[in-house]
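Below is one structure, written out as structure tokens; the observations come after it.
The values are calculated or read from the model by the stated rules, or taken from the named source; none is laboratory data. Please read all numbers here as calculations on a predicted model, not as lab measurements. Glycine also receives a Cβ, built like all others from the backbone with ideal geometry; neighbour counts cover every protein chain displayed.
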């Protein structure tokens, strides 16, 4: 089966602490165990999180507000309409490969960041997807997300 371009990486963000602010960066190094250099506690089956730019726009329209994309606390913003069809698939971004395992379900923290955000993220996996790193490497803003 041929690989398929999903979309371009528009942004990269790292968690500075458990409830700390997100920090935007242009490049991240990802270890084989899923550790993201500079990210607070990213590893395992939820090592890296992806958010669709199209779905983030829908959330903002529904809430009638403009919020930074990393308010969602995702690591990668992808220029695409949706990511839900990637569950169970392997993707490559930069030199990193990730097995997409499931939906990144929004938690109550979302409403702390903006009232109504939790409910707006629930439909159609608007909160994005997460996965386990199968090959470490480097991800840069501008890289293409490719379904393998």
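For the stretch 138-146, the criterion of being surrounded by 15 or more Cβ atoms within 10 Å (Cβ to Cβ), modelled with pLDDT of 95 or more and on the phi > 0 side of the Ramachandran plot is satisfied by no residue at all. Where residues in the stretch 3-22 are touching a strand residue (DSSP E or B) at 6+ places or on another chain (Cβ under 6 Å) and not in a strand (DSSP E or B), which of them is nearest to residue 81 (Cα to Cα)? Looking at the filtered set, the residue picked out is 3. Of the conditions (1) farther than 17 Å from residue 124 by Cβ; (2) without any contact (Cβ under 8 Å) to a residue 60 or more places away in the chain, residue 63 clears all except one; give me its number. In the conditions (1) farther than 17 Å from residue 124 by Cβ; (2) without any contact (Cβ under 8 Å) to a residue 60 or more places away in the chain, residue 63 misses (1) alone.
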